[in-house]
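The values are calculated or read from the model by the stated rules, or taken from the named source; none is laboratory data. No experiment lies behind these values; they were computed from the predicted model shown. When we count neighbours, we look across all protein chains shown, and the Cβ atoms used for this are built from the backbone with ideal geometry, even at glycine. What goes into the accessible areas is simple: the full protein's heavy atoms, side chains included, and nothing from ligands, DNA or RNA. Shrake-Rupley method; radii C 1.70, N 1.55, O 1.52, S 1.80 Å.
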Amino acid sequence: SDGSEITVLGADPWHTVTWVAFSPRNDLLAAVVDDAAIAVWDFESEALRALLSRKDEAVKQIAFSADGRFLASLGSGPTITLWDLAAQPKYRSLPSPSGAPMTGLAFSTVGPTLAGADEDGTVTLWDTDTGEQTVLTAHVDLIKRLNFSPNGTMLASEGMDARLVVWDVASGQDL
């Protein structure tokens, strides 16, 4: 690996890519295009596999689940959109429990857990298999970033309240 270009997917000077994500198996590449749609390419064949969009929501951030089945996206509203790529892609909305705009998302590195952060300082964990949700509160202001530990047992959240909170994912308690 010498840092040389491998391929160029969907290069178009009239559109802006604002976020990219590889699937865990490196077989798919997703890109947010013009804050309005998500292009998903099969990386090996370079074929466009899906063009995902919701007319009612811009797209600001995306992330793949650990198994590559789901792609989560958030815009500036109070929901995360969970795209099921194995089902022609269809989606379901995961609303913020408080109704506040979502500010960040992260998938667990193992298992079906998706974390979402809101402007009001709430972290929500969703089990993407069952839909079960757990609400975590320790921040008093907007959460800027979320990150799971490599083994998926802990989640770190950083907020505008100058707090870095580390959560035990199984118990939902801050450590």
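When each of GLY75, GLY131 is tested for being among the small types (Gly, Ala, Ser) and open to solvent by less than 10 Å² (accessible area, probe 1.4 Å), the lone residue that passes is GLY75. Evaluated against (1) surrounded by fewer than 18 Cβ atoms within 10 Å (Cβ to Cβ); (2) modelled with pLDDT of 90 or more; (3) over 24 Å from GLU119 (Cβ atoms), ARG92 falls short on exactly one condition, (3).
Among the residues of segment 143-155, those that are under 20 Å from ALA100 (Cβ atoms), open to solvent by less than 30 Å² (accessible area, probe 1.4 Å) and of a type outside the set (Val, Ile, Thr) comprise LEU146, LEU155.
Can you pull out the residues in segment 110-124 that are open to solvent by 10 Å² or more (accessible area, probe 1.4 Å) and under 12 Å from the mean Cα position of the chain (by Cα)? Across segment 110-124, the qualifying residue is only THR113. Residues ALA86, ALA66: which one is in contact with a Lys or Arg (Cβ under 8 Å, 6 or more places away or on another chain) and not in a strand (DSSP E or B)? After applying the criteria, what remains is ALA86.
If you filter segment 19-36 down to residues that are over 14 Å from the mean Cα position of the chain (by Cα) and in a strand (DSSP E or B), you find that the one that is modelled with the highest pLDDT is LEU28.
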